[in-house]
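Report on the structure given below.
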Amino acid sequence: EADIYQTPRYLVIGTGKKITLECSQTMGHDKMYWYQQDPGMELHLIHYSYGVNSTEKGDLSSESTVSRIRTEHFPLTLESARPSHTSQYLCASRSPGTVTDTQYFGPGTRLTVL
Amino acid sequence: KQEVTQIPAALSVPEGENLVLNCSFTDSAIYNLQWFRQDPGKGLTSLLLIQSSQREQTSGRLNASLDKSSGRSTLYIAASQPGDSATYLCAVRKDRDDKIIFGKGTRLHILP
C-alpha cells in the first residue's frame, strides 16, 4: 500500500480565505504531482515537482501555488479561495527507474468554497 | 499531442460475467501504460502497469494487454463481482520523465 497522505480530507470554507492543502509521502520519491478533478470528470495536472526546490505548472491553469522545501512534503496553497476552486485535489508521487515505476495517489482533498 | 480515449464511458453488467474495457492512444511512442481504479470521491489505486516492451500483465482476475503499434490496451476482468464497481482509468507516459496522460475513464457497475 502506498504511503502518501493528504490532509484535510474534506474542507468547507468561505470565499476569500487562504488555505493550504497538505501532501506528504514517506517513500522518498523525487517526483510529486497535484491534480484537480471535478465530479465525474477527468484528472487535470495543475502542478508538479521533480525534486526539492523544483516546481512547475501543469497543463491546467490554476491560481494555486506549490512549494517543495522537503522531499516528502508538497503543499498546495490558495491565497484567496473562490467558489470556482470547488473541486477534488489529488496528490501523487513517483520514483522513475524502479522496477514498478508506479504513480501512487493520495486519498484526495474535497474542497468546497462557499 | 497524446490523447487517450476510453470506450465505453459507462458499462453495467451482471455479476459473474467476464468483461473488457478498452483504451486507445494516438501516439504509439509510449514509455508505459497504467490502469487505475477510482472509487467515488476517493484517490486512484494502481491496478497494472505495462512497460512499452511488454505485451501484458496479470494480477488476480485482471489482465491488461498492450498493442503499442495499434495504440490500444485492454483491461480484462474475469468473473466480475459487485466490489469491482468503480471507475477504471487508463493512463500513458511518453518518456520516463514525462507527465502521465489520463483517459476520461469507464464507469463500471456490476449488478448483484
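Sorting A:S93, B:S70 on the 10 Å Cβ count, fewest up front, what's the list?
With the sparsest Cβ surroundings first, the list reads B:S70, A:S93.
Less than 9 Å Cβ to Cβ from A:L78, Lys/Arg counted +1 and Asp/Glu -1: what total charge do the surrounding residues give? If you can, show how the numbers build up before the last one.
Numbers: positive: A:K17, A:K18, A:R82; negative: A:E63, A:E79.
Summing Lys/Arg as +1 and Asp/Glu as -1 gives +1.
Under the definition of Cα pairs under 8 Å and six or more residues apart, what whole-number percent is the relative contact order of chain A?
Values: 286 pairs, mean separation 40.1, N = 114.
It comes to 35 percent, rounded to a whole number.
What average number of partner chain Cβ atoms lie no more than 10 Å from the Cβ of the residues making up B:91-100?
3
So what is Rg over Rh here for the range A:1-53, counting just Cα atoms and using Kirkwood for Rh? Provide the component values of the computation, followed by the final result.
Working: Rg = 13.2 Å, Rh = 13.3 Å.
The Rg/Rh ratio comes out at 0.99.
By a straight-distance test (C-alpha under 29 Å), which lysines pair with B:K94 as possible cross-link partners, with residues fewer than eight away in the same chain excluded?
A:K31, A:K57, B:K1, B:K42, B:K68, B:K104
Just checking the output field for B:33-42: average partner chain Cβ neighbours within 10 Å of each residue's Cβ?
Working: counts 0, 3, 0, 4, 0, 5, 0, 2, 7, 8.
That works out to 3 on average.
Fewest Cβ neighbours within 10 Å first, please rank A:Y10, A:Y35, B:Y31 accordingly. Could the numbers behind the result be given before it?
Working: A:Y10 11, A:Y35 26, B:Y31 16.
Ascending number of Cβ neighbours within 10 Å: A:Y10, B:Y31, A:Y35.
Can you grab the distance from the C-alpha centre of the range A:26-70 to the C-alpha centre of the range B:83-112, Å, no decimals?
A separation of 19 Å, based on Cα centres.
FYI, it's all coordinate maths here, none of it is from the lab. Note that the structure is predicted; figures quoted are calculated from it, not measured. Don't worry about glycine lacking a Cβ; one is built from the backbone with ideal geometry, like all the others, and counts go over all protein chains shown.
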